[in-house]
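Notes for the one structure printed next.
The values are calculated or read from the model by the stated rules, or taken from the named source; none is laboratory data. These figures come from a predicted structure and were not determined experimentally. Here the Cβ positions follow ideal geometry from the backbone for every residue, glycine too, while neighbour counts run over all protein chains shown.
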């Protein structure tokens with residue numbers, strides 16, 4: 001089955017700087033890669049996703065890149081702000097049906113230093 | 001985005017009792033719902049996948065007789081933790097997807113279960 005690895009487990013950056021989180025996946029059939037932000041005591045919220053037919057996607061300060069050949073994808077947050085502090089999870093899902101499982105990475109705890 | 005409502009948000013129960021957690025898709029039909037378990041400072045671990053009108057598919061190591069899942073309609077799935085023990089204390093999260101291929105999964109706000 002799918003296995004998603006995520007690094008780093010913790011990340012501290014100065015406010016205004018950029019943060020990068022990297023993930024790799026194992027199942028070549030995976031073609032949907034969402035990123036979630038989870039705040040304490042809440043469920044994950046989708047912040048951006050990418051499908052395997054594109055290599056990059058951007059939404060304001062957030063961007064995601066995908067390298068299908070290497071089976072890795074990354075989240076980039078620019079101009080970080082205190083409210084960006086949270087746990088971020090990458091995930092992967094294989095194709096073909098809505099029953100495809102979404103498998104999560106281990107998470108990155110991002111802290112923004114004022 | 002679509003809304004998935006999970007209830008209750010917190011529950012405390014005594015050892016040996018059963019607890020039911022509801023997951024509702026409020027504005028879309030969820031052909032598939034997923035149940036996750038999350039321990040403190042850890043990732044979400046998939047417990048089971050449920051499709052409307054059929055039996056749930058459990059992940060390896062998850063006891064299906066202990067974690068009963070029912071997906072009786074396109075908008076409601078329930079997880080019942082039977083004969084709960086303190087080690088079942090955890091954060092349980094549901095998510096839902098529509099029938100369309102490769103769509104976004106929407107997550108509930110989670111249920112904090114404490115078994116005393």
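When residue B:70 is tested against (1) at pLDDT 95 or above; (2) more than 30 Å from residue A:6 (Cβ to Cβ); (3) touching a strand residue (DSSP E or B) at 6+ places or on another chain (Cβ under 9 Å); (4) surrounded by fewer than 16 Cβ atoms within 10 Å (Cβ to Cβ), only condition (1) is not met.
State yes or no: is residue B:41 away from chain A (no Cβ under 12 Å), over 12 Å from the mean Cα position of the chain (by Cα), at pLDDT below 95 and not in a strand (DSSP E or B)? Considered against the rule, which asks whether it is away from chain A (no Cβ under 12 Å), over 12 Å from the mean Cα position of the chain (by Cα), at pLDDT below 95 and not in a strand (DSSP E or B), residue B:41 comes out as no.
A quick yes/no check of all residues on (1) free of Cβ contacts under 8 Å to residues at least 24 places away in the same chain; (2) over 11 Å from the mean Cα position of the chain (by Cα); (3) within 13 Å of chain A (Cβ to nearest Cβ):
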| residue | (1), (2), (3) |
| --- | --- |
| B:33 | no, no, yes |
| B:36 | no, no, yes |
| B:58 | yes, yes, yes |
| B:65 | yes, yes, no |
| B:69 | no, no, no |
| B:72 | yes, yes, no |
| B:106 | no, yes, yes |
| B:115 | no, yes, no |
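Every residue, every condition in (1) buried (at least 21 other Cβ atoms within 10 Å of the Cβ); (2) more than 8 Å from chain B (Cβ to nearest Cβ); (3) touching a residue at least 40 places away in the same chain (Cβ under 8 Å), yes or no:
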| residue | (1), (2), (3) |
| --- | --- |
| A:23 | yes, yes, yes |
| A:41 | no, no, no |
| A:53 | no, yes, no |
| A:57 | no, yes, no |
| A:61 | no, yes, no |
| A:64 | yes, yes, no |
| A:67 | no, yes, no |
| A:113 | no, yes, yes |
